[in-house]
Amino acid sequence: MAIAIQQAPAPLPRRIRLSRRIVSTAGWAVAGTCLLVLSVMMVWILEVVFVRGARALNLSLFTTITQGTGGGLLNAIEGTFVLSAGALLLSVPLGVASGIYISEYRFSRWASVIRFLADVLVGVPSIVVGYFGYVALVEWGGWNFSVAAGSISLAIICLPYICRTTELALRQVSNDLRDAAYSLGATDRRVILGVCLPAALPAILTGVLLALAVSVGETAPLLYTAGWSNYMWDGHLTHSPIGYLTYAIWTFINEPFASANALAYAAAFLVTAFVLVINIMARFVLDRRARR
Amino acid sequence: MKFKVWLGVVAGVLPAALVAIVLFLAVYSWPAIHFNGPGFVVRDVWNLGNLYANPVTVHGVQIQPGASYGILFLIVGTLLSTLIALLLAVPVGVGAAIFLAEAVPDHLRMWISFFVELLMAIPSVVFGLWGYVVVIPFLSRHLFPFLALTIGRVIPFFAGPTGSGYGLLTAGVVLALMIVPIIAATLRDALVNQPASMREAALALGATRFEAMWRVTLPGARKTLIGATFLALGRALGETMAVLMVSGNALNYLPRNVYDPISTMAAFIVSQLDSALQDPTGLAVRSLAEIALVLSIISIIVNAAARLILVVWGNVQRSMAV
């Protein structure tokens, strides 16, 4: 019965008052318009970024470094990957470990505290994390603008994402698997590392990819921790600033020069394309697993 | 057992990060908190003082003569832009969620939802770029003069002059677009997961599909809606780059109409650090840290409230917006 109604809603009896029909139709029209507005905005943003970005793309962007208000983006592309790699290097082991803890020991009080605080930490504005990085690492730690300060700030942003996605991934693992492993005499450690983690690995990797997308798209936490540099990274973890793509978007769009604006559009193209590709990939991986 | 303890200790890095952020900001900004006092949040002036004079000592804190720090204009700017964003985003989010949950066929729903919710993944600096390049010209040339002539006749706050396009309403519009998907995604999930029996009962009683949605299914998801609105509120309060690029970055200025330039706490931290570093006593930088502290405490409260509403009250284990 329930299924029948869902598939073919009962035809409205003729006697429904005209006013009610008008209100209902208008309601759907308004709701549909809301969705349409959202879709149009999305298309508009994509249009601006990809059409103008594509016009600004050329090979020299990937082969030369920034010179004043022109040149290429090689330094920024390298910097974005160095900073994100650093952030993941720090946040993946910590995030996965805490995700394991709040999933596998989910009934302990400490786990619920961490779960709650992870959600709160997601909501802390990224500029607050950035200013904390500035105060604690750049100033107090004396590292100046540097890869280390930038990566640690980004890692704080990624950490709760990875923790929560790891938890959700592990929760998808059937309890039968755990029971079977325990009944064979395996310890907590064997069960988690040998059974649950491999089963949840694709979903955990998806979470890590999404965290990578977040870190590539962040600007505010890096402005006063990583600084900016027109040159390639010199390999030092501290005391040397580094460029990154989102800074190029923010700074070069404000310049009055066409060459600078082109750099901003190109950077926006690269960042947005990267972030969207990761999100679409993650969606397909999750979707394929969900259907299985 | 040792494995559990070891994991628990590592997991402690999350609370530690949160505590470290608040503690560091509090300790660092302590001289500023001491000097500014509670008047910090009600004074409407941000003045580094005479930077060419010798520092003087007031209340045991070294300052430049004439220095005074107050962030009323930032609080007003933050609250007003967030309010506008919510006023725009909640109805649009609810409408989109209703339409997605009920009017779109199952096989299309997944794709359309995914497309619209991709907005959440777009970096905020890209929203800022979009706002700066196309929204500001569009609004200032077409929409703002129209609004000033129509709504502006009735509500003085909407009357002209319509300014340059950088301002409160532009910031509100861009913020709204950034938070709509949070509301739409979380609510759509809740609507789809409402028990079908209630809806069927309403239909059996002769309600139209819209009435069943509006009067039965939607009220059933109201806790999720409130929680999602808090999440969106938290995001809007702390949004930095997009606001920075479209708000006009007003200093010591309270908006007289909806088109006036503003600044928010988050954007101000970015726009002012360079000039704050000119203050040899360092008090300006510490006052910025005080802003960050205020902002972090507000966002912690808002987000904690959102999670409590969603998880404890509304029984939502996880919203789409992580």
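Values in this text are rule-based calculations from the coordinates and carry no lab data. All values reported here derive from a predicted model rather than from experimental measurement. Cβ atoms come from the backbone with ideal geometry, glycine included; neighbour counts cover every protein chain shown.
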Contact order relative to length for region A:71-291, counting C-alpha pairs under 8 Å separated by 6 or more residues, stands in percent at 30 percent
When a/c reaches 1.5 or more, the comparison of a/b and b/c decides; with that in mind, is chain A rounded, prolate or oblate per its Cα gyration tensor? oblate
How many nm is it between the label spots at residue B:141 and residue B:312, if each spot is 7 Å from the Cα in line with the beta carbon? 5.2 nm
What is the ratio of the Cα radius of gyration of the protein assembly as shown to 2.2 N^0.38 Å, with N the residue count, to two decimals? 1.01
Taking every residue of A:267-279, the Cβ atoms of other protein chains inside 10 Å of its Cβ average out to 3
Connecting C-alpha atoms closer than 10 Å in a GNM of chain B, tell me which of B:105, B:91, B:55 has the biggest fluctuation. B:105
Which of B:97, B:306, B:201 fluctuates most in a GNM of chain B (C-alpha springs under 10 Å)? That residue is B:201
On the formula 1/(1 + (r/R0)^6), with r taken between the Cβ atoms of residue B:196 and residue A:36 and R0 of 30 Å, the FRET efficiency rounded to 0.05 is 0.65
Hz values of 3J(HN,Hα) by residue in region A:161-173 - Karplus curve (6.51, -1.76, 1.60), Gly and Pro given as x: 4, 5, 4, 5, 5, 5, 4, 5, 4, 5, 5, 6, 6
Quick one: compute the contact order of region A:20-79, relative version, from alpha carbon pairs under 8 angstrom and 6+ residues apart, as a percent. 16 percent
In whole angstrom, the spacing between the Cα centers of region A:159-206 and region B:194-259 equals 35 Å
Please list, in chain and number order, the residues 5+ apart from residue B:46 or on another chain whose amide H is under 5 Å from its amide H, with Hs placed from the backbone. B:70, B:252
Counting C-alpha atoms alone, how compact is region B:72-313: give Rg to one decimal and Dmax as a whole number, in angstrom. 20.3, 74
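What's the extension gain from residue A:15 to residue A:81 if we count 0.36 nm per residue and subtract their Cα-Cα distance? List each step's numbers first, then the result.
Numbers: separation 66, 0.36 × 66 = 23.76 nm, distance 6.49 nm.
Between residue A:15 and residue A:81, full extension yields 17.3 nm more.
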Amide H neighbours of residue A:240 under 5 Å, counting only residues 5+ apart in sequence or on other chains, H built in-plane at 1.01 Å? A:147
Percent RCO, i.e. relative contact order, over chain B, from Cα pairs under 8 Å lying at least 6 residues apart: 26 percent
Amide H to amide H, which residues 5 or more places from residue A:66 or on other chains are under 5 Å from it, using H placed in the peptide plane? A:72, A:74, A:75, A:76
In nm, spacing of pseudo-spin labels at residue A:239 and residue A:280 (7 Å Cα→C-beta vector): 4.5 nm
